[in-house]
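Asker: My questions will all concern the structure given below.
The values are calculated or read from the model by the stated rules, or taken from the named source; none is laboratory data. Here the structure is a predicted model, which is why all the values come from computation and not from measurement. Heads up, the Cβs are rebuilt from the backbone with ideal geometry, glycines too, and the neighbour counts pull from every protein chain shown. Just the protein is used for accessible areas: all its heavy atoms, side chains included, with ligands, DNA and RNA removed. Shrake-Rupley method; radii C 1.70, N 1.55, O 1.52, S 1.80 Å.
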Amino acid sequence: MALLQIAEPGQSPEPHQRKLAVGIDLGTTNSLVASVRSGEAATLPDEGGSHLLPSVVRYTDQGVVVGQAALAQAAVDPFNTIMSVKRLMGRGAVDLKGLQGEAVYRFADTDGGMPYLQTVAGDKSPVEISAEILKTLKARARASLEGELEGAVITVPAYFDDAQRQATKDAAQLAGIKVLRLLNEPTAAAVAYGLDQGAEGVIAVYDLGGGTFDISVLRLNKGVFEVLSTGGDSALGGDDFDLALAQWFLQQLGGAEVIAGESRYLTEKARWTKERLTENATVVVDLDHAGQKVSLEVTRELFDGLVETLVNKTVRACRRALKDAGVSTDEVLEVVMVGGSTRMPVIRARVEQFFERQPHIDIDPDRVVAVGAAIQADVLAGNKPDSEMLLLDVLPLSLGLETMGGLAEKVIHRNTSIPVARAQEFTTYQDGQTAMMVHVVQGERELVDDCRSLAQFVLRGIPPMAAGAAKIRVAFQVDADGLLSVSAKELSTGIESEIQVKPSYGLADNEIAEMLKASYSCAEGDMAARNLREQQVEADRLLHSLEQAISADGKQLLSEGELIHLQEQMVILFSLRNGTDSALIEQGVKVLAQVSDFFAARRMDLSIKNALKGHSIDEIEGNS
Amino acid sequence: MSADAAKALTFEFLSSLSAGYMMDITQNYFEFLALPVTYQLDLQSLSERNRELQKTLHPDRFAHLSDRERRLSVQYTAYLNEAVSTLKSPLTRAQYLLKMEGIDTFSETQVQLEPMFLMQQMELREGLESVREASDPDAVLLALQATVDGEMKALRSQFDGFYQQSTPTSLDAAAVCVRKMQFIDKLGREIEALEDQLFDE
Amino acid sequence: MAYSEQVIDHYENPRNVGKMNDSDDNVGTGMVGAPACGDVMRLQIKVSDEGIIEDAKFKTYGCGSAIASSSLVTEWVKGMSLDEAQELKNTTIAEELALPPVKIHCSVLAEDAIKAAVADYKDKRAKK
């Protein structure tokens, strides 16, 4: 019997046609987009030839400006020009008090939850602001690659928590980008280096960006990059080095009160000085202050002294990451430097001293992450079916829940390989207690208040029992992007409650839908068209993969009856797919996915058998 | 082990997945990884099998495919990761072997422990607590670490002996070893934590 | 004080931490452990001639909830008779309906320790 021909000519992608996929480094200070073209991964420039897009968004009455043009107006229009928005991602309004430098923005009053920034264009959430940067990069990619994007790998600091990852993914959704994977920045850098140099062994990646610091220890083996441990500080970066110097400026100027514009002016001057100190031992900086010109001399020694505590913090994190990975410094084969801030001589010297070897700086530290992400995106889009490359990540911060009242109990420890699913049983505290509050937190500390609150829900309907008699199973599941879902179940009654963890400081799904709608301004039709297109793509994907699966393993794994039934269902979805009702297509996809589940599971089992073919059961029996 | 017993072993993992799971695994961790059922596990083979299976099962292998396949692969990979981390640690490996024999030391809450053993644990922890006041904290920490290492080594070999005898009495004795290992393991982690703190100060 | 504040307070400032002389006739010592967490707890009571618990001391090496619950228990048992202490149950009225969960072993560890201390005291008396 001939196999059903699903794809019409010209409709479904040809198997050999390259899919356009990009890697995006969504940085605190600068962002980049890269892609693999004719086997080479490279960052994409804008029409003016610059690769770095300053991560600055300015709102005006006429519209949104992103990048260099926005940066140029930062000092003049501080409230409407948002810089370093990455530092606000996934944060609650309460957290922002601790963040220096961002204090210049006007935050709208909200009922707790996510902070909104007041601009001339209305109140904006950090997610929307990030989405503007992503849209700009997407437009750049479309222009230089001349086609629609299949999807993107977006990098995040390894140390980002669930709320920050979710916020990043939401921003991509708002920008209309399909996320193939959220990839940790250090892993991306290791990919860029690993493939270039064909290294095998332990690699340490020291990543000091504008706003975050990460250290990751990886083991590279036959194309598999396995993260052994990761650590860092999601609120420590080059900006803090600028601030340390800016504060010194202020002291020299007599500690006068600063206004919003001047604080930013001094920070800009500090950054300028810091960058010059990379090449020069002494820099003279001219400052305008209170109508006077003041010249200050800054030596490298002075600067190194001002930032010493910051540098020490990063070195301590390195030591801990090595310990967590169970490797000693002399086992580390290569040290890779990432992030513009690693250009500082004091950083290079201290890293070299700690690891007792010269760090790699061959790839431009600003671009290396985007390049690595592009290589991964190319593989994930399915362009390289024979690639051996695989990136295995770990959970950066422990996940747990509140117990007793105020105390945090870990359910999944940090540095656990992901994806992971784990459950733990708990009980009630009081006699007759019929409800339980499940408060999900992330962090290493013992008190809930010192951890990040991710979500809360209540499990109701527990039958009244003596304290300690009820058994409630709380299950955590983390996917390959490091995103969490949690469910709770009372075991004697089976009463269940499940949530996809939407962080307390994140956007709800309907908010995202609203924003998406709004971004299509008057065009309700655009929204519907896009929705239809998305459902069609998902239907094509399912049909295509089933078709391939049937032709590969159908004879071996399906009875004739099963095959016929599957094909009937495929024909149904195919006819729905050519219609215009996106809800019907969505439903059809669900149905076909369900009826073909058993086939997918059988194929999975078959591939496990094939993977372990060399190690037959005989070998096992021979040993036991 | 019967298929039902195997099913019961994996059930707990399955119920930790979100509702509507599709995975259907009846193999225990050893079978899943094609490794012999033994306490003296070859860790090299374990990590090789892990790599081979990750290359087949990891969600990244399904990134360009449908949602359904990606979800299925997340579940299989989570099972793989759980299997690897359980078998990697000598403590959880011992616990898993006992569980295959029907003795659950993972979640037991009320067990009788020898008073002498508890007393010794109390003293060791009091010793750890007074490290900060010691004239040479590093020396005290090293000595405690040596005690932990020695105890752990002895318990492991006792466990293996009892486990291999495989009689109901010897398996109970193996369970006693496991419970003791849990206390020693915790002490070891606390020593490490204190070391970190002292270094950071 | 709200329930959660009370728990945190007992965790951060545990009451009745210490040791009594185990060889005193009127002191009972209970020693328990929870393998799942590797927690160890010693709980001691001092009993008056009338059979009332005059004082209680504990030392717990373990997770936060084990520390908080043993501190809470030592507060409760003071002034109780031995029989009351052995029946110890947490029946205080809940302020909030939906309380956070408790680790199963923590819910029993402190109770077990009290029971062991009472048994130890009675044992000592019987031997005399």
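Asker: Taking the range A:305-413, how much of its Cα-Cα pair set, in percent, is spaced more than 19 angstrom apart?
Answerer: 64
Asker: Would you please calculate the Kirkwood hydrodynamic radius of the range B:29-125 over all C-alpha pairs and express it in Å, rounded to one decimal?
Answerer: Result for the range B:29-125 stands at 15.9 Å.
Asker: In the range C:101-119, what residues drop by 10 Å² or more in accessible surface going from the chain by itself to the full protein assembly, probe 1.4 Å?
Answerer: Checking the loss per residue gives C:101, C:102, C:103, C:104, C:105, C:107, C:108, C:112.
Asker: OK, next. Please work out how much accessible surface residue A:572 shows to a 1.4 Å probe, ignoring ligands, DNA and RNA, in Å² rounded to 10.
Answerer: 90
Asker: Peptide A:472-483: average number of partner chain Cβ atoms within 10 Å per residue?
Answerer: Taking all residues of A:472-483 together, the mean is 4.
Asker: Can you find, among B:175, B:197, B:141, the residue farthest towards the positive end of the dipole of the range B:115-200? Put +1 on the C-beta of Lys and Arg, -1 on that of Asp and Glu.
Answerer: Ranked along the dipole, the leading option is B:175.
Asker: Something else: Need one number for chain B: average projected area of the convex hull over its C-alpha atoms, nm².
Answerer: For the Cα atoms of chain B, the hull's average projected area reads 14.8 nm².
Asker: Can you tell me which of A:41-53, A:145-157, A:163-175 comes out highest on packing, and rank the rest after it, using the mean Cβ neighbours within 10 Å?
Answerer: Result, highest mean Cβ count within 10 Å first: A:163-175, A:145-157, A:41-53.
Asker: Mind jotting down the distance between the C-alpha centroids of the range A:419-480 and the range B:24-71, whole Å?
Answerer: Taking the Cα centre of each part, the range B:24-71 and the range A:419-480 sit 29 Å apart.
Asker: List for the range A:531-556: residues with 20 Å² or greater reduction in accessible area, all protein chains versus chain alone, probe 1.4 Å?
Answerer: Residues passing the criterion (a loss of at least 20 Å², heavy atoms only) are A:538, A:541, A:542, A:545.
Asker: Same structure again: Collect residues whose amide H, placed 1.01 Å from N in the peptide plane, falls under 5 Å from the amide H of residue A:408; neighbours closer than 5 in sequence don't count.
Answerer: A:403, A:447, A:448
Asker: Students often check this: by mean Cβ neighbours within 10 Å, which of A:281-291, B:148-158, C:37-47 ranks highest, and how do the rest follow?
Answerer: C:37-47, B:148-158, A:281-291
Asker: Show me you know the interface measure: the accessible area buried between A and C, both chains summed, probe 1.4 Å, in Å² to the nearest 100.
Answerer: Buried: approximately 2400 Å² between C and A.
Asker: List the residue ranges in chain A for DSSP H helices whose C-alpha atoms run 24 angstrom or more along the long axis and whose Kyte-Doolittle average is -1.0 or above.
Answerer: Correct list, ordered by number: A:126-145, A:308-325, A:524-549, A:560-577.
Asker: In Å and whole numbers, how far do the C-alpha atoms of the range B:115-200 stretch along each principal axis, longest first?
Answerer: 49, 23, 16
Asker: Here's another thing I want to ask about it. Using only the alpha carbons of the range A:538-605, what is the convex hull's orientation-averaged projected area in square nanometres?
Answerer: 4.1
Asker: Across chain A, what fraction of all alpha-carbon pairs, as a whole percent, falls in each successive 20 Å bin from zero upward?
Answerer: With a bin width of 20 Å, the distribution comes to 17, 49, 30, 5, 0.
Asker: Rounded to the nearest 0.05, what FRET efficiency do residue B:104 and residue C:119 give with R0 = 30 Å and r taken as the Cβ-Cβ distance? Could you check?
Answerer: 0.65
Asker: Ok, one more. Computed on protein heavy atoms with a 1.4 Å probe, what is the summed buried accessible area for the chain pair C and B, in Å² to the nearest 100?
Answerer: Roughly 1600 Å².
Asker: Okay, next question. When the chain is fully extended, how far beyond the present Cα-Cα distance does residue A:609 get from residue A:272, taking 0.36 nm per residue of separation?
Answerer: Result for the pair: 115.4 nm of gain on full extension.
Asker: I've got another one for you. For the range B:139-186, I need the span (max minus min coordinate) of the C-alpha atoms along each principal axis, in Å, sorted largest to smallest.
Answerer: Between the extreme Cα coordinates on each principal axis of the range B:139-186 lie 43, 15, 9 Å.
Asker: Find the centroid of the Cα atoms in the range A:15-87 and in the range A:525-585, then give the distance between the two in whole Å.
Answerer: Comparing the Cα centres of the range A:15-87 and the range A:525-585, I get a distance of 36 Å.
Asker: Please report the carbon-and-sulfur percent of the accessible area for the protein assembly as shown; probe 1.4 Å, protein heavy atoms only, DNA, RNA and ligands left out.
Answerer: C and S atoms contribute 49 percent here.
Asker: Once the piece of chain linking residue A:313 and residue A:562 is laid out straight, how much longer is it, given 0.36 nm per residue of separation minus the C-alpha distance between them?
Answerer: Taking 0.36 nm per residue and subtracting the Cα distance, the gain is 83.6 nm.
Asker: Counting only the heavy atoms of the protein chains, how much of residue A:533 is accessible to a 1.4 Å probe, in Å² to the nearest 10?
Answerer: 120
Asker: I'd like the per residue volume of the convex hull spanned by the Cα atoms of the range A:196-342, given in cubic angstrom.
Answerer: Here the figure is 128 Å³ per residue.
Asker: If a paramagnetic tag sat 7 Å from the Cα of residue A:50 along the Cα-Cβ line, which residues of the range A:333-376 would have the backbone N under 16 Å from that point?
Answerer: In the range A:333-376, the label zone of residue A:50 (backbone N under 16 Å from the point 7 Å along Cα→Cβ) covers A:366-367.
Asker: Roughly how large is the B-A contact in terms of buried accessible area, totalled over both chains, probe 1.4 Å, nearest 100 Å²?
Answerer: 4700
Asker: A follow-up question, please. Counting only Cα, what are the radius of gyration and maximum Cα-Cα distance Dmax of chain C, in Å?
Answerer: 14.5, 49
Asker: Would you tell me the accessible area of residue C:57, worked out with a 1.4 angstrom probe on the heavy atoms of the protein chains, in Å² to the nearest 10?
Answerer: Roughly 50 Å² of residue C:57 is accessible to a 1.4 Å probe.
Asker: In peptide C:62-71, what is the residue-averaged number of other protein chain Cβ atoms found within 10 Å of each Cβ?
Answerer: What the average comes to for C:62-71 is 4.
Asker: If R0 is 25 Å, what FRET efficiency do you get for residue B:88 and residue A:456 from their C-beta distance, rounded to 0.05?
Answerer: For R0 = 25 Å, the calculated efficiency reads 0.15.
Asker: Once each part is reduced to its C-alpha centroid, what is the distance from the range B:157-196 to the range A:208-229 in angstrom?
Answerer: So the separation of the two Cα centres works out to 33 Å.
Asker: If you don't mind, another one. Per-residue mean of other chain beta-carbon atoms within 10 angstrom of the beta-carbon, peptide B:31-41?
Answerer: Average neighbour count from other chains, rounded to a whole number: 3.
Asker: Before I look further, what does the protein assembly as shown give for accessible area per residue, probe 1.4 Å, in whole square angstrom?
Answerer: Counting only protein heavy atoms, the per-residue value for the protein assembly as shown is 42 Å².
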